[in-house]
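The values are calculated or read from the model by the stated rules, or taken from the named source; none is laboratory data. For clarity, every value in this text was computed on a predicted model and none was experimentally measured. We place every Cβ from the backbone using ideal geometry, glycine too, and count neighbours over all the protein chains shown.
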Amino acid sequence: MKLQVQGRRLEITEALRGYARTKAKRLSRFSNLILNVDIIFDANRDSTYAAKVIAGLRRNRTIVCSEREKSATAALDLAMDAVERKLSAIKEKLHRRGNREKVTQRLMENQG
């Protein structure tokens, strides 16, 4: 999984980059789905920060989640939670689909 951290109207410090890396490591349990992760921080005029997480998945799928909060780390936490929820839903859907195919195959074998 490749990770890229960027900043718009904001300089990315090593502490913020390290925090983003540790948060992205939580996504390793979905490593069979994720190809790359881009994290983009943005400083807004109203003294809030936005964090946008773009996860590139297999089969040309993309998940994009962005959140705004008073601190960049809080915005990243919320965005990563949203990405994890979406990835869990995708993983569960794939798991159900795989089990359904196995059950159908067993039924076909028992009938024949």
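Where residues in the stretch 24-49 are of a type in the set (Ser, Thr, Tyr) and modelled with pLDDT under 95, which of them is surrounded by the fewest Cβ atoms within 10 Å (Cβ to Cβ)?
The selected residue is SER47.
Which pairs have Cβ atoms under 7 Å, sit 6 or more apart or on different chains, and link a residue in the stretch 60-72 that is over 11 Å from ALA50 (Cβ atoms) and among the acidic types (Asp, Glu) to one that is modelled with pLDDT of 95 or more and surrounded by fewer than 18 Cβ atoms within 10 Å (Cβ to Cβ)?
Final answer for the pair search is none.
Does ALA20 count as surrounded by 11 or more Cβ atoms within 10 Å (Cβ to Cβ), over 21 Å from LYS91 (Cα atoms) and either hydrophobic (A, V, I, L, M, F, W, C) or modelled with pLDDT of 95 or more (or both)?
yes
So which residues in the stretch 44-94 are in a helix (DSSP H, G or I) and of a type in the set (Ser, Thr, Tyr)?
THR73, SER88
Please work out which one of (1) modelled with pLDDT under 95; (2) surrounded by 15 or more Cβ atoms within 10 Å (Cβ to Cβ); (3) in contact with a strand residue (DSSP E or B) (Cβ under 8 Å, 6 or more places away or on another chain) is the condition LYS2 fails and give its number.
With respect to (1) modelled with pLDDT under 95; (2) surrounded by 15 or more Cβ atoms within 10 Å (Cβ to Cβ); (3) in contact with a strand residue (DSSP E or B) (Cβ under 8 Å, 6 or more places away or on another chain), LYS2 is out only on (2).
Before we move on, is LYS52 within 18 Å of GLN6 (Cβ to Cβ) and at pLDDT 95 or above?
yes
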